[in-house]
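Q: Before I ask anything, let me first share the structure, which is written out below as structure tokens.
Every number in this text was worked out from the coordinates using simple rules, so none of it is lab data. No experiment lies behind these values; they were computed from the predicted model shown. Every residue, glycine among them, receives a Cβ derived from its backbone with ideal geometry; neighbour counts consider all protein chains shown.
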Amino acid sequence: MVSRLLLAILTLTMASHAIPIDTTRVYTDDGKRIFQTQKLKQAPTIDGRLNDACWQNSVWSGNYTQQIPMEGAPPTAETALNILYDDHNIYVAIRAFDDPDKVDRSASRRDGFSGDIVGVCFDSYFDHRSGFEFNLTAAGTKIDLILMNRGIDRNWNPVWEGKVSHDDRGWSAEMRIPLSQLRYDGDEQQIWGLHAWRWINRNQEEDQWALIPRDTPGRLYDIGELHGIQNLPKHRRIELLPYVRGKLHTFDADKDNPFTNGRDLNAALGLNGKIGLSSDFTMDFTLNPDFGQVEADPANLNLSAFETFFSEKRPFFLEGKNIMDFELGGSELFYSRRIGAKPAYSPDTEDNEYLDTPQNTSILGAVKMTGKSRNGLSIGIMESVTGKEKARIGSRTDEREITVSPLTNYLVTRVQKNINDSNTMIGGILTATHRDIQQNHLLELPDQAWTGGLDVLHYWHDKTYYIDGKAVFSHIDGNPLAILERQTSSARYYQRPDADYLSLDSSRTDLSGTGGELEIGKGGNGNWRFELESQWRTPGLESQ
């Protein structure tokens, strides 16, 4: 047995970097490549140089395999990977050997794929559904995302540290990833899914530590495994981020407009926080949040009668988004950008009057709990309250206030359960919106709205084939003015003469609808794929 291990661990000692590289591969019984990590006593300095004792005295794993352009071929340049951990962090080091003059150091903004890249992804839930990926470009740009079997989510922005360095043998990347940014169960012995990769831009080449076949029906099912993490302390993670903001805007005064006296002064304070309820469940909360540093939406000129939907970029609403999502026909059943959006009511003014209205409704507070248990049950719950907003209407002689948005409460609950070795997933969602409407001019807004849905996804024949079904409903209550507004909106047009199956009723006080989709297909494991999909929606269906 000893001689077999000695033969298995072949090491190459490069004088220029002095790291021992294991050129063999060790696999599980079902063919998954294994990386055996170790616990360290002294953490490395994250500078990208890889000259710390922990990197010099531990064995690195090499033998990457080319996936693109020639699947299964040897890579054109060698890559080595090392992963260590302590009670608080995961440490990753990647050595990318190359001709230093050929390394592409193209820079980009955060989460921008540009130039040469190395990265690692952890399926710390070990459910083969999603993974937390951390990448560094040769220019030092950080890329973090949620990797899924179908697509990626680059809106996730964890807190972690990463640096790169260059020398005459290529370049290196070094990362420190806090365990607080990952989600995992409380078992004494941990096994995580592990994916590591490298992109060589000049060759348009992707090399992988554990090869994911390009025809795979689900890439998270084919990644390797990280073994050796054990006895992680069961400490409670608490992060608090208070803020204070002040703004002074000066401009030319307008003597006719009482709201433009030459300066605009305002201030705000609030608190964002995160509490680790356990190693796999996290509660996020925010009080009077300020999203002033969030990237602005791109310019959009909408000449249609239909609503424009923008992607969510606010950190609080992005946390655990992959757990909360429920899509139907490419659109979300619950559109979180409605929380804190522009007031729905715009008051009329006279010719000699001026209007000062809020740009958005203020979020008084919100709380969210997300996570996944060790038996495959994922839960996401979010509660948010937006305040009553008032606009000011004034002239030279008079000024008054009018409510443009009522106090509103939003609730979203999402549950999913993996069964049958993750071959079957069953889930549901329920959302609710309640408005405290006390003014007659706001009666065009519904008092309350509900949506709900069920989804089932099942794989068979080694995940080659799948069936995916969803069914949803919605129900709106409100004054007849509000329901009439919904019937005649551009989403329905109940009044159009060619729709003999619709009936416009101005006395209705509620509106309901249903919808769903069914998809059957072959997702991989072969040279051809197919899908058959059917969708249906009744005219009264309303997403929130």
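Q: Applying the Karplus parametrisation 6.51 cos²θ - 1.76 cosθ + 1.60 with θ = phi - 60° to the phi angles of the range 427-433, what ³J(HN,Hα) value in whole Hz is obtained for each residue in order, glycine and proline being reported as x?
A: Once rounded to whole Hz, the list reads x, x, 9, 9, 10, 8, 10.
Q: Kindly state, to the nearest 0.05, the FRET efficiency for Lys417 paired with Asn302, given R0 = 41 Å and r defined as their beta-carbon distance.
A: 0.55
Q: Considering amide H positions built from the backbone, and no H for Pro or chain starts, which residues 5 or more places from Asn89, or on another chain, come under 5 Å of its amide H?
A: Leu179
Q: Quick one: net charge around Gly115, please, counting Lys, Arg +1 and Asp, Glu -1 for every other residue with C-beta under 15 Å from its C-beta.
A: Once all neighbours under 15 Å are counted, the net charge is -1.
Q: Taking the Cβ of Asp462 as the center, what net charge do the other residues with Cβ under 15 Å away carry, scoring Lys and Arg +1 and Asp and Glu -1?
A: So the surrounding residues net to +1.
Q: To continue, here is another question. Once you mark the chymotrypsin sites (Phe, Trp or Tyr not before Pro) that are in a DSSP loop and have at most 16 other Cβ atoms within 10 Å, what is the longest gap between them in the chain?
A: Longest gap between qualifying sites, sites excluded: 336-492.
Q: If you don't mind, there's one more thing I want to ask. Can you give the local net charge around Ile34? Use residues other than it whose beta-carbon is closer than 10 angstrom to its beta-carbon, Lys and Arg +1, Asp and Glu -1.
A: Neighbourhood net charge equals +2.
Q: Here's another thing I want to ask about it. Quick one: Karplus J couplings for the range 353-370, per residue in order, coefficients 6.51, -1.76, 1.60, θ = phi - 60°, nearest Hz, x for Gly and Pro?
A: After applying 6.51 cos²θ - 1.76 cosθ + 1.60, I find 10, 10, 10, 10, 10, x, 6, 7, 7, 7, 8, 5, x, 7, 9, 9, 10, 9 Hz.
Q: Continuing with this model, one more query. How much length is gained if the chain between Thr45 and Asn352 is pulled fully straight, taking 0.36 nm per residue apart and subtracting their Cα-Cα distance, in nm to one decimal?
A: 103.9 nm
Q: How many angstrom lie between the C-alpha centres of the range 442-488 and the range 76-94?
A: That distance is 44 Å.
Q: Among the listed pairs Lys368/Lys388; Lys247/Lys388; Lys274/Lys388; Lys41/Lys321, which have their C-alpha atoms separated by more than 30 angstrom in this model?
A: Violating the 30 Å Cα-Cα cut-off are Lys41/Lys321.
Q: A further question follows. Convert each backbone phi in the range 77-87 into a coupling constant with the Karplus relation 6.51 cos²θ - 1.76 cosθ + 1.60 (shift: θ = phi - 60°), then list the ³J(HN,Hα) values in order as whole Hz, x for Gly and Pro.
A: Those phi angles translate into 8, 6, 9, 10, 10, 9, 9, 10, 8, 9, 6 Hz.
Q: Under the rule of -39500 (n - 2.57) per DSSP H run of 4 or more residues, summed and divided by the residues of the chain, what mean residue ellipticity at 222 nm is obtained, to the nearest 500 deg cm²/dmol?
A: -1000 deg cm²/dmol
Q: List the lysines whose alpha-carbon lies under 22 Å from that of Lys102, not counting same-chain residues fewer than 8 positions away?
A: List returned: Lys142, Lys163.
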